[in-house]
Structure formats: C-alpha cells, structure tokens
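For reference, the structure discussed in these notes is given below.
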Amino acid sequence: MGQEVEALKRVGVSNSIGMDLAPYPPLVVKGDFHNQLFDDAKFDLKFSNVFDHALFPQKFVSEIERTLKPGGICVLHVALSRRADKYSANDLYSVEPLKKLFKRSELVHTRTVDGLGLDTEVVFRKKR
C-alpha cells in the first residue's frame, strides 16, 4: 500500500493517503475500509484494488460514496475472469453487481488492465 501512495505523490497528488489494517506511517493510516475514519465528502478520488476482500461489499461501497465529494471519482481494480486470490471474500464475474452497489454514483468507464491478478478497471463518478 505504501508504494501506491508514494507513486501518487511522485506524480503530483501530494495529499494522497492510504488506509490498511497494517499501518505504514506516514503514508498509510490504520483503518478498516468497512468503517472509514474520514469525514463525509472529503476526497476527489478514491482507488481500491481490494474489493474482493470486502466481507460486506455494500458497506465498503457505502463508505466510498460517503467519503467522496459530489462529482468525485472512484477507481476500482477487480478480477472478473477468475477468483482474485486466496483471500477473496466475494468474487465478481461481471460489472453488473458493482453497478447495483454504487447507488449514488454512475459508471463512467471500464477497461482491461493487468494488475497483480486483477483484470478490469471500473470507474464510477459520484452524482452531484
């Protein structure tokens, strides 16, 4: 997680921060993505590559939408063609279940990626 935050900082996203159960100060704070410690409408952009690890997918998405500003972007990297990894709590086989979970956002983009076993990038924009 720390490498992702550092990479964002290198390309100009100076206020990037990560969140994980295992903190890596100062880049990654300790937290549970089902119950995020951030204020409402705090972020312009959120990225996650651990959707498959969410024990409660609706709560995970609800927290993303709660903490995104109106018009904010959420980028998810997910596995659609196979099980993501041995820690997967939920698996996707299409984008449709994600579209149903994002109740306050609209799907704006999908594309194929090659990211550590994840094969699809899904982008949502929170409605204004």
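The values are calculated or read from the model by the stated rules, or taken from the named source; none is laboratory data. Please read these numbers as outputs of a predicted model, since none were measured by experiment. Note that each Cβ is placed from the backbone with ideal geometry, even for glycine, and that neighbours are counted across all protein chains shown. Calculation scope for accessible area: heavy atoms of the full protein, side chains included, ligands and nucleic acids excluded. Shrake-Rupley method; radii C 1.70, N 1.55, O 1.52, S 1.80 Å.
Results for (1) at pLDDT 90 or above; (2) more than 10 Å from the chain's Cα centre (by Cα), shown as yes or no for each residue.
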residue: Gly31; (1), (2): yes, yes
residue: Phe38; (1), (2): yes, yes
residue: Phe43; (1), (2): yes, yes
residue: Lys46; (1), (2): yes, no
residue: Gln58; (1), (2): yes, yes
residue: Leu68; (1), (2): yes, yes
residue: Cys74; (1), (2): yes, no
residue: Ala84; (1), (2): no, yes
Where residues in segment 117-128 are among the basic types (Lys, Arg) and assigned to a strand (DSSP E or B), which of them is least open to solvent (accessible area, probe 1.4 Å)? Lys126
Those residues that are open to solvent by less than 40 Å² (accessible area, probe 1.4 Å) and either without any contact (Cβ under 8 Å) to a residue 24 or more places away in the chain or of a type outside the set (A, V, I, L, M, F, W, C) (or both), I need them from segment 101-116; list them, please. Ser105, Gly115
Looking at segment 37-54, can you tell me whether even one residue there is open to solvent by 20 Å² or more (accessible area, probe 1.4 Å), out of contact with any strand residue (DSSP E or B) (no Cβ under 7 Å at 6 or more places or on another chain) and under 22 Å from Asp119 (Cα atoms)? yes
Residue set Leu116, Leu101, Leu80; condition modelled with pLDDT of 95 or more and hydrophobic (A, V, I, L, M, F, W, C); output residue Leu101
Tell me the residue from Leu98, Leu80 that is free of Cβ contacts under 8 Å to residues at least 60 places away in the same chain, over 18 Å from Gly18 (Cα atoms), part of a helix (DSSP H, G or I) and touching a strand residue (DSSP E or B) at 6+ places or on another chain (Cβ under 7 Å), please. Leu98
May I ask you to say which residue of Val50, Val29 is over 18 Å from Leu101 (Cα atoms) and free of Cβ contacts under 8 Å to residues at least 24 places away in the same chain? Val29
Test each condition in (1) among the charged types (D, E, K, R); (2) over 24 Å from Arg125 (Cβ atoms); (3) surrounded by 14 or more Cβ atoms within 10 Å (Cβ to Cβ) for Lys86 and report the one that comes out false. (3)
